[in-house]
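The values are calculated or read from the model by the stated rules, or taken from the named source; none is laboratory data. In this text the structure is predicted, and so the values were computed from the model without any measurement. Cβ: placed from backbone, ideal geometry, glycine included. Neighbour counts: every protein chain shown. Each accessible area value is taken on the protein alone, full model and side chains, heavy atoms only, with ligands, DNA and RNA left out. Shrake-Rupley method; radii C 1.70, N 1.55, O 1.52, S 1.80 Å.
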Amino acid sequence: MKANCWMAPNRVAVEDVPEPRILNPRDAVVRVTSSAICGSDLHLLDGFIPTMKRGDVLGHEFMGEIVELGQGVRDGLRVGDRVVVAFPIACGDCISCQRGLYSVCENSNPNAPMAELAMGHTPAGIFGYSHMMGGYAGGQAEYVRVPYADVGALKIEDDLADEQVLFLSDVLPTGYMAAELCDIKPGDTVAVWGAGPVGQFAAASAYLLGAGSVIVIDRFPYRLRLARDRVGAETINYEETDVLDTLREMTAGRGPDACVDAVGMESHHASAALHAYDRTKQAVKSETDRPHALREAILSCRNGGTVSAIGAYGGFIDKFPMGSFMNRSLTMRSGQAHVQRYMRPLLERIRKGEIDPSFIITHTLRLEDAPQGYDTFKNKQDDCLKVVLKP
């Protein structure tokens, strides 16, 4: 079968790889009908996530049709069912899963010792996201094996298009969880750093949860325009104005009630000198992640407010403003999205017309064109926000 594979930093290629097969009783094999390139896939492309190997199949946002089922699959799934698959692989039975913390499942990462070396404890396995996260083949392929299919595969029984439900696999629940972590009270002001897909959904979800105003910060005019036109957010271009000063002006000096970092480890700073500082430290491996957005979110948030860090981080950061965080009674909440917790409720919101996630799609390509899609997405060419791949 054809699959998009990581070959080396800054190089992916569509290769012929073996078709997946059932390995465990709760496995399913899914024929992929749509997959997507995620912003966190760029961290793999850029070489910032360790333990990638040449030929690893990429992709953790996908959906399709079940073509084979293990004998132990529960929850009424059948061959022929159309399903969306959650990106974290979760058993459904461990204490984390029973508490709804699916992205820290205790049983789904067979390479847990690798993750424990970097993080102390292991999170769940993830499709197509390094051997540290389980070494699972991803969904930018014609077929994919889905472990614990009865927990991670959501059956879609309506005639909703792939484009309306595909993002239940990751970015819609991630954006929603980002807003939920803010503990929004009616009328609150929420600021969101990053107008990529997760930032767009975090902003839209903040309104769904009762925010009075949402402010989105980015530097690309087309992304800011989408946040204004499709989400109804106010916007700040951080290359044109000082973010902290502008947020104070917009909130009568108090600062936003909650701040969302939807950027993560490869954030950019308007100051060339400050950006070069973190790029240099990252290059010599004295820090792994560039935390410009996180620092700014902490400094901007009102006293006693909440910072929701949903952008992907991989390791260690420098110059964390702990004095600001501690002295001003801030709360930080974070995590990879517990996607299985949110899939069904968000599917109901889609059915009711409360949100149509397809508005973020800007490019639809064949699977064979995945390398072009990565290049266009990474370099923000042709106003690219989200690429969907069709095998």
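Only helices (runs of 4 or more DSSP H) whose full extent lies in segment 320-391 are considered here, and the ones with at least 3 residues that are of a type outside the set (Gly, Ala, Ser) and open to solvent by less than 60 Å² (accessible area, probe 1.4 Å) are 339-351, 370-378.
Evaluating residue 233 against the criteria (1) within 23 Å of the chain's Cα centre (by Cα); (2) at positive phi; (3) modelled with pLDDT of 95 or more leaves one unmet condition, (2). Under 6 Å between Cβ atoms, which residue pairs at least 6 apart in sequence (or on different chains) link something in segment 333-354 that is over 16 Å from residue 63 (Cβ atoms) with a partner that is of a type in the set (Gly, Ala, Ser) and assigned to a loop (DSSP other than H, G, I, E, B)? Here the result reads 338/100; 341/100, each pair linking segment 333-354 to a residue that is of a type in the set (Gly, Ala, Ser) and assigned to a loop (DSSP other than H, G, I, E, B). Residues of segment 127-141 that are farther than 16 Å from residue 33 by Cβ and polar (S, T, N, Q): 130 alone. Of all residues in segment 239-264, those that are open to solvent by 40 Å² or more (accessible area, probe 1.4 Å) and either touching a strand residue (DSSP E or B) at 6+ places or on another chain (Cβ under 7 Å) or assigned to a strand (DSSP E or B) (or both) total 2. For segment 177-192, taking the residues that are open to solvent by 10 Å² or more (accessible area, probe 1.4 Å) and not charged (D, E, K, R), the one that is nearest to the chain's Cα centre (by Cα) is identified as 181. Out of the residues in segment 2-46 meeting the condition of being among the small types (Gly, Ala, Ser) and open to solvent by 10 Å² or more (accessible area, probe 1.4 Å), tell me which one is nearest to residue 127 (Cα to Cα). Step by step, filter segment 2-46, then rank; the result is 40. The residue that is surrounded by the most Cβ atoms within 10 Å (Cβ to Cβ), counting only those in segment 265-303 that are small (Gly, Ala, Ser) and touching a strand residue (DSSP E or B) at 6+ places or on another chain (Cβ under 8 Å), is 297.
Being crowded, with 23+ Cβ neighbours inside 10 Å, touching a residue at least 40 places away in the same chain (Cβ under 8 Å) and small (Gly, Ala, Ser) holds for only one residue in 86, 118, 161, 137, and it is 86.
Whenever a residue of segment 229-257 is touching a residue at least 60 places away in the same chain (Cβ under 8 Å), its partners that are polar (S, T, N, Q) and assigned to a helix (DSSP H, G or I), lying with C-beta atoms within less than 8 angstrom and at least six residues away or across chains, give the pairs 230/200; 256/300.
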